[in-house]
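For reference, the structure discussed in these notes is given below.
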Amino acid sequence: MVLMAGPVSEPVGLLDVIEPMVARVLAPNPSPYTYTGTQTYLVGRSDVAVIDPGPADEAHIAALLAGVAGRSVVAILCTHTHRDHSPAAAPLAERTGAPIIGCAPLTLEDDGPRADAAFDVDYAPDRVLADGEQVAGDRWTLTAVATPGHTSNHLCYALTPSGALFTGDHVMGWSTTVVSPPDGDMADYMASMALLLDRDDRVYYPAHGPAIESPRKLVRGMMGHRRQREGQILRRIADGTDRIEEMVPSMYKGLDPRLYGAAGRSVLAHLIELERQGRVARSGEQWTICPT
């Protein structure tokens, strides 16, 4: 799940070749949370892997099958199991015979702000990839990179020899990811960002939004943004703003009020981490600064 002021229009269902081994197809599910929609990636030439097949929309599935164009599908991979990412995996597997490979199944009652962020309860992989495990085809290899934070089961996929990293919802160029407890975890998210900072990927291809051509620069900026947000939260509490619903409007200036709930989830994730560190305490819905 991601957060922005409003979606923009972009052609859906068209095969867009973005480099020799990578093409994308945009699903018809734009929203304030998914930007122009979920981007499904097709990797390979003579045989392909499908990354983040997206929602179980018949038109989108038909567009993916047309994009495959008679080639064999080696694997269907999901970065995580929110419902805008994985539900098309099962019907696509039925029609191509490809195995569903990638992130672990995760079913959780999500008390977050939007229905389509709930987990895909029907996701059933044939093989779960651990960090560093691989799927390979003709002249390409995808390596799983464990990046928990947005969800505990989130994986990115590194493409060899391209140098591209498919980042799912972990990193996007147009918005930061919502980290929504209880499954979303801010400490895990920051550790995963630090892991990416140590890598030398050439480009990021996110599930929502444009390609990221300077990935390490963006990761550094996003980590700094989260630290600044943490400082904002501490200042708000010190000034007497002790409830999340009071913090959000003053911290997210210009944000569509319909997105306050999503923003509040990330504030909560920060507060939970600050509580673990002994820097804040809560009593019901109220938060206070702990004495040093």
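Looking at Gly231, Gly254, Gly209, just one residue is surrounded by 18 or more Cβ atoms within 10 Å (Cβ to Cβ) and small (Gly, Ala, Ser), and that residue is Gly209. Per the conditions (1) of a type in the set (Val, Ile, Thr); (2) farther than 30 Å from Ala269 by Cβ; (3) at pLDDT below 90; (4) touching a Phe, Trp or Tyr at 6+ places or on another chain (Cβ under 9 Å), the sole criterion not satisfied by Thr107 is (2).
Residues considered: Met193, Met247, Met186. Of these, the only one that is free of Cβ contacts under 8 Å to residues at least 24 places away in the same chain and hydrophobic (A, V, I, L, M, F, W, C) is Met247.
For segment 180-196, the criterion of a residue being farther than 28 Å from Pro291 by Cβ, among the hydroxyl-bearing types (Ser, Thr, Tyr), assigned by TED's automatic domain parsing to the domain that holds Pro30 and at pLDDT below 95 is satisfied by at least one position. With respect to (1) touching a residue at least 24 places away in the same chain (Cβ under 8 Å); (2) over 24 Å from the mean Cα position of the chain (by Cα), the lone exception for Arg236 is condition (1).
Take the residues in segment 203-231 that are aliphatic (A, V, I, L, M) and part of a strand (DSSP E or B); name whichever of them is nearest to the chain's Cα centre (by Cα).
Residues of segment 203-231 that are aliphatic (A, V, I, L, M), as a first pass: 203, 207, 211-212, 218-219, 222-223.
Then keep just the ones that are part of a strand (DSSP E or B); that gives 203, 212.
Values: Val203: 16, Ile212: 14 Å.
The residue in question is Ile212.
The criterion of at least 2 residues that are polar (S, T, N, Q) and at pLDDT 95 or above is met, among strands (runs of 3 or more DSSP E) falling completely within segment 119-173, by 140-146.
The values are calculated or read from the model by the stated rules, or taken from the named source; none is laboratory data. Quantities reported herein were computed from a predicted structural model and do not represent experimental measurements. In this analysis, Cβ positions are derived from the backbone assuming ideal geometry, glycine residues included, and neighbour counts consider all displayed protein chains.
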